[in-house]
1. Residue check: is residue 204 among the aliphatic types (A, V, I, L, M), modelled with pLDDT of 95 or more and farther than 19 Å from residue 350 by Cα?
2. How many residues are touching a Lys or Arg at 6+ places or on another chain (Cβ under 7 Å) and surrounded by 14 or more Cβ atoms within 10 Å (Cβ to Cβ) if we restrict to the range 42-70?
3. Of all residues in the range 337-376, how many are surrounded by 22 or more Cβ atoms within 10 Å (Cβ to Cβ), under 26 Å from residue 244 (Cα atoms) and touching a Cys at 6+ places or on another chain (Cβ under 8 Å)?
4. Restricting the search to the range 61-79, which residues are assigned to a loop (DSSP other than H, G, I, E, B) and over 22 Å from the mean Cα position of the chain (by Cα)?
5. Restricted to the range 248-266, and to residues that are surrounded by 23 or more Cβ atoms within 10 Å (Cβ to Cβ) and in contact with a Pro (Cβ under 9 Å, 6 or more places away or on another chain), which residue is farthest from residue 200 (Cα to Cα)?
6. Please work out which residue is surrounded by the fewest Cβ atoms within 10 Å (Cβ to Cβ), limiting yourself to the range 377-389 and to residues that are closer than 12 Å to residue 242 by Cα and of a type in the set (S, T, N, Q).
7. Which condition does residue 110 not pass, out of (1) crowded, with 21+ Cβ neighbours inside 10 Å; (2) at pLDDT 95 or above; (3) out of contact with any helix residue (DSSP H, G or I) (no Cβ under 6 Å at 6 or more places or on another chain), if it passes all the others?
Amino acid sequence: MSKRVCISGCGVVSAIGVGQRETLLSLKEGLKGLAPARYLPTTHTELPLGEVKLSNVQMKALLGIPDSRTESRTSLLAMMAVQEALQEAGDVSAFRPAFISGTTVGGMDISEQMPPEQRHPEDWDCGASSQAVADYFGFFSQVITPSTACSSAANALLLGARLIKAGRCEVVVAGGSECLSLFHLNGFRSLMIVDGEPCRPFDVSRAGLNLGEGAAYVVLESEEHALARGAKPQAYLDGWGNACDAYHQTASSPDGEGAFLAMTKAIQVAGLKPADIGYINAHGTGTPNNDPSESRALQRLFGAQVPPVSSTKGLTGHTTSASGSIEAVFCILALQNGFLPGNAGFSTPFEGGIVPIREAMPAPDVQHVLCNAFGFGGNDTSLLISKAL
């Protein structure tokens, strides 16, 4: 029997807000979360970063964790977001849900502060950061950690939906978390794709990305299961697609082949047509390479009728592995509240580029949206999210 996958709870933490309420206000008003480093111990204070406006000490206090206990910032951000998602979904502990958490940084923020002789990577790797979150809640049946660079969290949702559709799990909590780290920041600087000014996705003057951090998780279950336990669907995850253009270790292909295939597959899985899509939350990093590639993919798929598009990374920075789930929650909030987020920083299109939405705009009739998350190596994922009526 075909099972429609519903989202019964959402939680989100990013530079523009802790929780859905703050996040919604920021998206509607276009409030940027970019600022010089406050918590990351970097000397590069000239760079705008999208830090979550909470210290580790503050997050531990909110979570009831003793300050003496060492936890990676990635895990703390995840705990905050998972907690909100579970509160909205209601008690699902009896169903022993799976926990799927995408990350690449993991506990790097802890290990890089240790003397070399005390570094034990296995204690702070990606899987360890996910396990710490699972241990905090104490009822997950299995823990899976996709690590596919900037598509990690989107792939967590994709895997979770497939487990629900296959009847392998009744409930899945899926998403991703990523904190800023020195290696993270300096690694992107070494690629010469970090902008010293607030980023400008799809603008002719774009010069790179700003890094951000955050976490977002959703509770996935079949529609039948949610209704049977009295839960309210917040949205539906109707389609998903993953493809790899295998063009370059970091760059996207000029024709956007991976992005085109991922979006096409997401629409096909949902049983819809390109004309049904009312909005696209673009990957839109603001780098010289990504934006033309993604523009070309959109034009290949939609022709002259490209739906309204925006990148929200001008508000949050690029939250890398967590971006797919953070922006999926942004899409859910937009569908629930009848608006489309704006593309901060955009002024003038480049030749051949798409023209995104400049500011948040009302859109009460949009029913289906695409959310794009593209990773290094061309590991590209697109999620199709539908409004719950």
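1. Answer is no for this residue.
2. 2
3. 5
4. 64, 65, 66, 67, 68, 69, 70
5. Initial filter on the range 248-266 (surrounded by 23 or more Cβ atoms within 10 Å (Cβ to Cβ)): 252, 256, 258-260, 262-263, 266.
Cutting the leftovers down to in contact with a Pro (Cβ under 9 Å, 6 or more places away or on another chain) gives us 252, 256, 263.
Working: 252: 18, 256: 20, 263: 23 Å.
So, considering only residues that are surrounded by 23 or more Cβ atoms within 10 Å (Cβ to Cβ) and in contact with a Pro (Cβ under 9 Å, 6 or more places away or on another chain), the one farthest from residue 200 (Cα to Cα) is 263.
6. 379
7. (2)
Okay, residues lined up against (1) surrounded by fewer than 24 Cβ atoms within 10 Å (Cβ to Cβ); (2) modelled with pLDDT of 95 or more; (3) out of contact with any strand residue (DSSP E or B) (no Cβ under 8 Å at 6 or more places or on another chain); (4) part of a loop (DSSP other than H, G, I, E, B):
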| site | (1), (2), (3), (4) |
| --- | --- |
| 13 | no, yes, no, no |
| 26 | yes, yes, no, no |
| 40 | yes, yes, no, yes |
| 81 | no, yes, no, no |
| 85 | no, yes, no, no |
| 101 | no, yes, no, no |
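The values are calculated or read from the model by the stated rules, or taken from the named source; none is laboratory data. None of the values given here were measured: they were computed from a predicted structure. Every residue, glycine as well, gets a Cβ built from its backbone with ideal geometry; the counts of neighbours run over all protein chains shown.
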